[in-house]
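Only the coordinates and a few stated rules stand behind these numbers; no lab work does. What you are looking at is a predicted structure, and each value in this text was computed from that prediction instead of being measured. Every residue, glycine as well, gets a Cβ built from its backbone with ideal geometry; the counts of neighbours run over all protein chains shown.
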Amino acid sequence: MVNDRRKIATVGRDFTVDELDAAVRRVFAQYPKVNGRPNEAAIAVALVRKVREPLRPVLAIMRRDFVSA
């Protein structure tokens, strides 16, 4: 028997491989391809822009702990 479900702990639920594949394809579809391939650089920039503000306090704590170490 093949297990086609994967637990994503941070989300707190199981997904089928097909569901995960569809999610990846939805992300790829949002950005124009480069030489026929997904534009990974554009996807990375979009991700950073999305998490930059929410992560600002975490980065401040990390920098403070690094400087005091």
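Only Lys, Arg, Asp and Glu carry charge here, each on its Cβ (+1 for the first two, -1 for the last two); on that basis the chain has a dipole of about 280 debye about its Cα centre.
With contributions of -39500 (n - 2.57) from each DSSP H run of at least four residues, the per-residue ellipticity at 222 nm computed over the chain stands at -21000 deg cm²/dmol. Computed from the C-beta positions of residue 52 and residue 18, the FRET efficiency with R₀ = 30 Å rounds to 0.45. Only Cα pairs under 8 Å and 6+ residues apart enter the sum, and on that basis the relative contact order of the chain stands at 14 percent. In this structure, the amide hydrogen of residue 39, modeled 1.01 Å from its nitrogen in the peptide plane, lies closer than 5 angstrom to those of 34, counting only residues at least 5 positions away or on a different chain.
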